[in-house]
Structures are given as C-alpha cells and as structure tokens.
C-alpha cells in the first residue's frame, strides 16, 4: 500500500499510560545475545562484552525531515530506523548486539500505529540478531521522532576506521548505488499527484526496485562476513548514507590521501538506470549525491584484489593516491573532475 | 536571566553544514576514560570495558513536552539532558563513562544557541567524568529535540535492580523531594504573567532553591560512592524522576512486595515548604507526585541501618512488607492510605 490510511481500530495510547505502553511494546522480547544481561524494565540495560571492545552509534530520525509518513509505512520506518544504525556498526567491522530505541509520538497516532512501527523494529532485530534492551517513549506535540542507539562488539583493536586507508589501496563498493534517491523522487512525485487528484492510482509500474531501496534498506552484514571469511582486511570503511562523493571525501580527508574514481565502475542497477531515464536524471549523479543507499565503501590492499573478484556484490571503483593529487573522478568521456560533496545534507536540505 | 532573549549575534547553522557543525561542537573534546577508545568522527564510537559489565540507558527530551525554552536556559537544558541519564546509571549502581547525544534543531536556533546548549553538556560531562563519544545532528521542522544515551560500567553482577528488595528492608531516599515541581509551578506562573504584561519583572524572591532544583538537577554520584565506601549493599534502587509514589510502586511491583511509607519521614526542604505554602499546595503531594527530583530511592537490609545514619543526605522513610499488605502511606495524622501513582506522566500530561 503506497499511501497509508490510518487504521480504523484505534486504541488511545493515553489509556495505557507510559509504563503500560512500554510493557505492551516490549512484552515479546526474547534476547538473542548472551551479552544482554538485563533488558527493558529497570533504569538501564546491562550488557557484558568481556574481552571484546564495544562499538556504539546513534541516529535521530524526524518526521518531515528524514521521512514522510504519506508514503512510508510505519513498519518500514521501524525496520529502517534499526538498519541505518546497524549499517554504521558494520562500517566499523563490528557485530551489532543491542539497540536502545526512543520514540516521540503525537496523539495523532494510536496504539495500532505504534504496534506497526515496533513490528518493523523487531523484524530488523530478529534478522540481524540484535536485542532491544531499553528506550524511552514520550508524547510529542507534533510529528514522529525516532532515536536509535546501536551497540556492537568487535575483536580488540580490529575495528575499521575511516582514517587508515593507504596510498595505492583499491576503493571498493558493495551492492549498487543511486536507487534510493530515485525512489524518493518517484514517491515525492506520486504524493504530489495524489494530493492534487486523490482518485488517480499511483503508478508503481517498474519502480518497485528503487522504492524498495528507499523504504526498506538492508545493512551489509554479508559483506563483513565475506571479508572475514576470505581474510580480507579492509584498510578503511564507511557506510554510504550521504552519497558516494561525500563518503569518499571523508575517507580521503581522514586518511590524508587523494583518490581516483572511475565513473564507469560505479555500480548502478539496470532498474535504477531505467528509472533515472524516466526522470531525465543522470544515474551517476544519483549515486554520487543521492545518499541513503546504506552500502559500504571500503579500501583494500592491492594484494587482496584476487580474493574478492569472485564476489559479484563488490565493485572495485578506483584507488587511493597521494593527497596532493586530490580526489578526482574520471568520467566515461575520460575527463577528470574534482569530486565535490553535494549529498543530502540533513542540516540544509528540506527532506 | 529568567526569560531568554535570543542572542543578537547569530551564525546560521546552515553556513557550516552538518559535518562542519559536528566538528565545531566537538572540537574541544578530551576523553577522560581509558575505555573511550575512539570517539566522534567515524561511523561509531569504540568503547572497551574489559572485565566489567556495561550499563546503558537513554532518554528523549522534547521541547514543549519536557521543557519550555521560555524559562529554560539552553546551557541548563544541556546540563540536565546529561544528568537525567546519569541518574539512571547511578540508580543501577553503575559508574557512567560515556554518552552519545543527538540533537534536532529548527532554523529558529543559531550557532550561538547550540554552543550554549553544548556548554551545558560539556559542563555535566566534566563534572561527572563522562566522555561524549558520538551523536547525530538533524534539522527539525519545529522544536528542539534531544536524545541522550549514557553508558556506564559496573563490577560484574553488582548492578542494582528494582526487583530485588526483601521483606523487612528499609526504604531510603537521598536528598529532598518536591522542589522541582514547585519550581515548575513558579516558572509557569511567571511565564503567564510575562506573556500578559512583559514589563513586569519576574518575582524570583525566595524561589531560587525550587527553580534551581528544576532547571539544574544533579545526579547522586555521592550517594553511590558513600554506599560503596561504607560497604552498604542497596538491595534495590530506582531514581525518582516521576514522583515518589510512582517509584515506590515500581519497587513494590517488581520485587513483589508491599511497603509502609511514613509521610512525616519524607525529606522536604524548608525552602520547598515555604514555596508550597505560597502556592497553597501540600508539599507532601509535590514529593509524592511531582517528579523530576532525580534523587535515589533504595532499600537496605536493616543490619546496614547503623552505617548510614551518619549521612544527613539519606532519610529512612519506611520499610518493605509482604505483598498482601499492599503499598501504604501512614499520614502525619496517623491514617493509612494506599499509595497511588499520580506522577507526571509523559504520555498523558501536558508538560
């Protein structure tokens, strides 16, 4: 269902009270990790990561800024709220183990809406083997607010930073890029049409790939597992949430290096290209500046190249250079341009 | 200054961009804990709590729901946002070590406002020996949103639950109660007067104690340290954020016990009594149902009583009974009433 109608059954959340709501939302939790010693129901959760380092990350998602409930099913929102945080942990080479979740809701939402949201949260927790161990619920005057903190563990000092790429390392990308941004353009267009003419059925024809990439992204657990299995040490890593340009510049700046990126090597799905064609937009621009792909960008030593060519989910797109050479893209027409960050900027943009 | 005027110097946050803002806000961070291996500036922070258990808690604070910027200085808000989370960790018997902080801000706020807020955050971090290791900033369409996650450590299996009080244990309270609620009533009254007649100077006479308790609460690190020093094992503990009644009922329910609470033993400061008198409100009601005191409620074995009578910051207010007897308060006039939770409820109330 593209445009969400609020459910007809509606239980006022105020009828449960805050503690009743928390009990209701967490009654089915079963911990999957030994390290989850104590979960929801006390002042704080207790974790035990004896002998491993733990990694922690947090994200704040605001209605009207990070998501639009006109076309985002609450279950998908719950799922995505978890996944975007896990993506940050995988980008550190860590294994996610716990999350905390805080939700602010206005009285526009009933209990059934909260249940839908949490169903998505628990689906993601189960898929990625993560325990929800705590959180907070609050009323909001307006809008839906989600804050997730994710905690993971990593073998001592084996976490992967952004700042440790080496000159000559190969730049690699998982999966494909640019789809989520096209998905957003598409949904924004359909929303506009719907608002102007509610009886027109949304034209989803052929756009399920790009819409799915926006609404239900996955974190690349499989890539971390593959690298470990093949004993490939990524020398640096970052997840692609703000667009490839922005992430490459983070690696370059923090590693004090330059890079060469080949446009023709950037992985873009045929679905994305077809959708971009309909919108008369350059798919490369979507990959470079679109964001929300939640793929991994990482570097490896050239000696590890042979170990990853068998994996079709990984593309080698360039290499790291001396810092003096700057960060550059070689276009399909063989021109060289400096890479500039024009990614979605949560501070200055309106979505 | 009671009513905050937005500063005349104003730097648009959009001029920095998200990454510039984060750099600006975190440039002076110096870690205080060895366990803070890697902080702000990567996908996630890295913590290392080798051989200890870690404890994690999170809180979401929303403008217009949890705080009113008409009378809450941003520096105080930053300070309080940290302290309320640390209070939860102390209530577990844990030592806070790190926090993550996410902030959502509308374009109503300039950089100077953010600096003020973070000044309060860093002041609290320094006072309590805690490191800010990560976070997120986002634009909000409306209102100020704060989400803090705090992480602490505890000797393995020495954390203090709500569910482990024993029959016959003594009920203890740190500090004094009820002041924050009176402070809120007072500030709400002054705000109303100000809105009706902006030229009338606020009448702060004699109310600095209750106002201070609301705007700048402290977490009771000293009580945890005292109990440890005197080798007193609290058998259960909770922090008093929703009012004494609500917290006592949590202990009773989760420990499957009843209790007797003596009204005359409830610690209430003379300042609070005087202020309550002016508002024609019962100070006991403020203590029972007011909330936001951030004191500790805990139980101890009767054998430990002698060890804590020297500490004037701790009051023994009652004892735990069999569950069949229920949770009761003995009033000053020697009547017995069941304790009912009427605390501030973030879901159903309007402040």
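The values are calculated or read from the model by the stated rules, or taken from the named source; none is laboratory data. Owing to the predicted nature of the structure, the values given are computational and were not obtained by experimental measurement. FYI the Cβ positions are ideal-geometry reconstructions off the backbone, even for glycines, and counts take in every protein chain you see.
Which one of B:145, B:130 is more than 18 Å from residue B:45 (Cβ to Cβ) and crowded, with 21+ Cβ neighbours inside 10 Å?
Step by step, each of B:145, B:130 is checked, and only B:145 is more than 18 Å from residue B:45 (Cβ to Cβ) and crowded, with 21+ Cβ neighbours inside 10 Å.
Scan segment B:233-246 and tell me whether some residue there is crowded, with 24+ Cβ neighbours inside 10 Å, assigned by TED's automatic domain parsing to the domain that holds residue B:297 and on the phi > 0 side of the Ramachandran plot.
Yes; the residues of segment B:233-246 include at least one that is crowded, with 24+ Cβ neighbours inside 10 Å, assigned by TED's automatic domain parsing to the domain that holds residue B:297 and on the phi > 0 side of the Ramachandran plot.
With B:168, B:258 as the choices, which residue is more than 23 Å from the chain's Cα centre (by Cα), farther than 29 Å from residue A:137 by Cβ and touching a residue at least 24 places away in the same chain (Cβ under 8 Å)?
B:168
With respect to residue B:4, is the statement that it is assigned to a helix (DSSP H, G or I) and at pLDDT below 70 true?
No, not satisfied.
So which residues in segment A:263-284 are surrounded by fewer than 17 Cβ atoms within 10 Å (Cβ to Cβ), touching a residue at least 12 places away in the same chain (Cβ under 8 Å) and farther than 17 Å from residue A:211 by Cα?
If the condition is that a residue be surrounded by fewer than 17 Cβ atoms within 10 Å (Cβ to Cβ), touching a residue at least 12 places away in the same chain (Cβ under 8 Å) and farther than 17 Å from residue A:211 by Cα, then A:264, A:265 are the ones that fit.
Residue-wise test of (1) touching a strand residue (DSSP E or B) at 6+ places or on another chain (Cβ under 9 Å); (2) touching a residue at least 40 places away in the same chain (Cβ under 8 Å); (3) buried (at least 22 other Cβ atoms within 10 Å of the Cβ).
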| site | (1), (2), (3) |
| --- | --- |
| B:150 | yes, yes, yes |
| B:153 | yes, yes, yes |
| B:172 | yes, yes, yes |
| B:181 | no, yes, yes |
| B:185 | no, yes, no |
| B:194 | no, yes, no |
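Against the conditions (1) away from chain B (no Cβ under 14 Å); (2) modelled with pLDDT of 90 or more; (3) within 18 Å of residue A:69 (Cα to Cα), where does residue A:176 fall short? Just the number, please.
(3)
For the list (1) modelled with pLDDT of 95 or more; (2) surrounded by fewer than 15 Cβ atoms within 10 Å (Cβ to Cβ); (3) under 21 Å from residue B:179 (Cβ atoms), I need the number of the one condition that residue B:349 fails.
Just one mismatch for residue B:349, condition (1).
So which residues in segment A:7-30 are more than 14 Å from every other protein chain (Cβ to nearest Cβ) and at pLDDT below 70?
Within segment A:7-30, A:7, A:8, A:9 qualify.
Give the residues of segment B:209-223 that are within 20 Å of residue B:69 (Cβ to Cβ) and either touching a residue at least 40 places away in the same chain (Cβ under 8 Å) or surrounded by fewer than 17 Cβ atoms within 10 Å (Cβ to Cβ) (or both), sorted by residue number.
Of everything in segment B:209-223, those that are within 20 Å of residue B:69 (Cβ to Cβ) and either touching a residue at least 40 places away in the same chain (Cβ under 8 Å) or surrounded by fewer than 17 Cβ atoms within 10 Å (Cβ to Cβ) (or both) turn out to be B:210, B:212, B:213, B:214, B:215, B:216, B:217.
Against the condition more than 17 Å from residue B:134 (Cβ to Cβ), in contact (Cβ under 8 Å) with a residue 60 or more places away in the chain, part of a helix (DSSP H, G or I) and not assigned by TED's automatic domain parsing to the domain that holds residue A:296, how does residue A:113 come out, does it pass?
When the stated conditions are applied, residue A:113 passes them.
Looking at residue A:333, is it free of Cβ contacts under 8 Å to residues at least 40 places away in the same chain and either surrounded by 14 or more Cβ atoms within 10 Å (Cβ to Cβ) or not assigned by TED's automatic domain parsing to the domain that holds residue A:67 (or both)?
The answer is yes for residue A:333.
Considering only residues that are part of a helix (DSSP H, G or I) and in contact with a helix residue (DSSP H, G or I) (Cβ under 7 Å, 6 or more places away or on another chain), look in segment B:204-235 and name the one that is farthest from the other protein chains (Cβ to nearest Cβ).
B:209
Pairs please, first residue from segment A:41-66 and closer than 21 Å to residue A:86 by Cβ and more than 7 Å from every other protein chain (Cβ to nearest Cβ), second anywhere and at pLDDT 90 or above and assigned to a strand (DSSP E or B), Cβ atoms under 6 Å, 6+ apart in sequence or on different chains.
Close Cβ pairs satisfying both conditions: A:61/A:146.
Among A:120, A:93, A:152, A:78, which is within 11 Å of another protein chain (Cβ to nearest Cβ), within 17 Å of the chain's Cα centre (by Cα) and not in a strand (DSSP E or B)?
Going through A:120, A:93, A:152, A:78 in turn, just one is within 11 Å of another protein chain (Cβ to nearest Cβ), within 17 Å of the chain's Cα centre (by Cα) and not in a strand (DSSP E or B): A:93.
Among A:85, A:33, which is within 30 Å of residue B:235 (Cβ to Cβ), touching a residue at least 40 places away in the same chain (Cβ under 8 Å) and more than 7 Å from chain B (Cβ to nearest Cβ)?
A:33
Looking only at strands (runs of 3 or more DSSP E) that fall completely inside segment B:236-346, which ones have 1 or more residues that are farther than 21 Å from residue B:91 by Cβ?
The qualifying strands (runs of 3 or more DSSP E) are B:258-262, B:314-321, B:327-330, B:336-338.
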